[in-house]
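Here's the structure we're looking at; comments come further down.
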Amino acid sequence: MNQTDELLMGQLGIDPKVLGAVRKAEQALSEHFQGLSDVAEYNQYKVLGALQKNKISDMHFSWNTGYGYDDPGREAVERVFSDVFHTQDALVRPIIVNGTHALSLTLTGILRPGDEMIYCTGKPYDTLEQVIGIKGKPGDGSLKDFGVTYRQVELTPDGRIDLEALEKAINGKTKMVCMQRATGYGWRRSLSVKEMGECCRFVKSIREDIICMADNCYGEFLDVIEPTDVGVDVMAGSLIKNPGGGLALTGGYIAGREDLIRLISYRLTTVGIGKECGLTFGQTRSILQGLFLAPSVVLGALKGAALCARVFEDLGFAVCPRYDEERSDIIQCVRLGSAEGLIAFCQGIQSAAPVDAHVTPLPWDMPGYQDQVIMAAGAFVQGSSIELSAAGPLRERYIVYFQGGLTYEYSKIGVIKALQAMHEKSLISWEAL
C-alpha cells in the first residue's frame with residue numbers, strides 16, 4: 001500500500017475493494033495510455049505552431065469597448081482557431097452561449113426557406129430538436145417555421161452512417177447534410193473523423209454543392225485530424241468543452257469556409273456587420289491559454305474515460321465504448337440498469353469535485369429534455385463539460401454519461417468516488433472480479 005492509498009482510505013474513506021478494482025484496471029491500461037499520449041503530443045505542437053504563426057503577444061489580451069471595432073485580440077483568436085482547424089475562417093465569440101447556440105447559428109445562418117437539411121447520424125442532441133422544429137410550439141422561430149424541411153437517416157446497427165439510405169434521402173432540395181460526432185444521450189460508438197470524411201466524399205459525389213456540417217462538440221483533439229481536414233465545410237463546438245481547456249469562461253466557435261462563416265456571422269450580429277463588431281470582454285487571454293492547454297486536458301479526460309470503462313466492464317456492467325476501442329469523443333457510457341445506480345454514480349462524481357462537493361445532485365425537469373435528468377458537475381466554470389461531470393436521463397437502461405476531468409488524477413478520483421457511492425448502496429457485485 002502506498003501513501004496515496006493510505007490517504008484515500010483514511011481521509012476520504014474509500015473502501016480497499018474499490019481501490020483494488022481501480023488499481024487493477026489502471027495497470028492493464030498502461031500501453032493504451034501511451035497511444036493516447038502520442039496523439040496529445042501531436043496536437044500540442046499543432047496548437048503551439050498556430051499561436052506562434054499568429055505572433056500572439058500581450059497586446060492581444062486587451063479589449064475594446066463599445067462596438068468592438070478593430071479588436072486585435074478577437075481577430076487573433078479567430079485566426080488561431082482557423083489555423084488549428086485548417087479552415088479559411090472562424091468565428092470565436094464569448095457571446096455564443098453554448099454548443100447548441102453555435103450549431104443553431106450555423107443552421108439558421110446558412111439554410112433558407114425551401115431548403116432541406118438531413119441528419120445522417122440519427123436523432124440529433126435533444127436541445128437541437130426545438131431549433132429544427134422536431135419538437136416545440138409552432139411559431140417559436142424554429143427552422144421549420146421558416147420553411148426549412150428536415151430528414152433523418154438512422155445509423156446502421158453497428159453505429160455507422162448508412163450511405164445507401166443517405167443517397168435515397170438526398171433530393172433536389174437538400175442543402176446540408178449534418179453529422180453529430182459525439183453520442184449525445186445515445187448508446188452508440190462515436191463517429192470517427194475518417195468516417196466523416198468518407199461521408200463527405202460520398203455526399204459531394206452526388207452533388208458538389210451540398211454543404212457538409214459537423215457538430216464537433218466533445219471531439220476536438222481526440223485525433224491528429226479534425227472534421228475540417230477531411231471535407232467538412234463547416235463545424236461548430238463549445239469553448240467550455242474540449243477546446244477551452246477548462247479556462248475559457250464561456251463561448252463557442254464555428255470554423256469553416258469563408259463564405260459560410262460570413263453568412264453565419266450575419267446571424268450572430270446583423271447583415272452588413274457580421275464579424276466586424278462584438279466585444280470579447282477581456283476573455284482573449286483565457287480562450288487562448290485554454291486552447292494551448294486543451295490537448296493535455298483532453299488527454300486527462302480520455303485516460304479517465306478509458307479507466308472508467310475498464311473498471312465498470314470488469315465489474316460486469318455494459319460500457320460504450322469499451323476501454324480499448326477507438327474513441328472520437330470524451331464521453332464514456334455505462335449502463336447501470338437502475339435509477340438507484342444512476343443517482344449514486346452521479347452523487348459520487350459530485351463528491352469528487354473541488355467545487356460544490358457538498359452538494360447532492362437530484363433528478364429534475366431540465367428544459368429541452370423529455371425525461372428527468374440528473375447532472376453532477378462541481379466545476380470552476382458553470383456547465384463546463386471538459387471538467388469532470390456525469391449525467392443521464394432517468395429512463396430505461398439508466399445509462400450514465402461520464403466525461404471530462406481537467407487532469408487524469410481528477411478523472412480517476414471521480415471513478416473511485418462513483419464506485420464507492422455505488423458500493424455503499426450495495427449496487428456492486430464484487431464476485432465479477
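All of the numbers you see were taken from the coordinates with simple rules; none came from a lab. Note that the structure is a prediction, hence the values are computed from the model and not measured. Methodologically, a virtual Cβ is constructed for each residue, glycine included, from the backbone with ideal geometry; neighbour enumeration extends over all protein chains shown.
Annotations for the structure displayed:
- Sites listed here are GluC sites (Glu not before Pro) in the range 368-433 whose DSSP assignment is loop and whose Cβ has at most 11 other Cβ atoms within 10 Å: Glu396.
- For the chain, a crude dipole built from +1 on the beta carbon of Lys and Arg and -1 on the beta carbon of Asp and Glu, taken about the Cα centre, is about 500 debye to the nearest 20.
- Relative contact order [Cα under 8 Å, 6+ residues apart], the chain, whole percent: 18
- The range 259-283-the range 126-175 distance, computed between alpha-carbon centres (Å): 26
- Max mean-square fluctuation residue, GNM over the chain, Cα-Cα springs under 10 Å, options Gly172, Gly184, Gly197: Gly172
- DSSP beta bridge pairing in the range 60-287, given as percent antiparallel to the nearest 5: 35
- Among beta bridges from DSSP that stay inside the chain, the antiparallel ones total about 60%.
- Greater than 26 Å apart at Cα, pairs in Lys135/Lys175; Lys53/Lys204; Lys144/Lys168: Lys53/Lys204
- For Gly246, distant residues with modelled amide H under 5 Å away: none
- Per-residue Cβ neighbour rank within 10 angstrom, fewest leading, His358, His86, His101: His358, His86, His101
- Protection-proxy order for peptides 375-383, 280-288, each taking the mean of Cβ atoms within 10 Å per residue, highest first: 280-288, 375-383
- Residue-averaged 222 nm ellipticity for the chain, from DSSP H runs of 4+ at -39500 (n - 2.57), nearest 500: -12500 deg cm²/dmol
- Cβ-Cβ FRET estimate between Gln52 and Asp356, R0 fixed at 41 Å, reported to 0.05: 0.60
- Stretched out straight at 0.36 nm per residue, the stretch from Glu164 to Ser37 would grow longer than its current Cα-Cα span by 42.1 nm.
- Of Ser62, Ser351, Ser385, the one that fluctuates the most in a GNM where the chain has Cα springs shorter than 10 Å: Ser62
- The range 368-412 and the range 220-251 have Cα centres separated by 19 Å.
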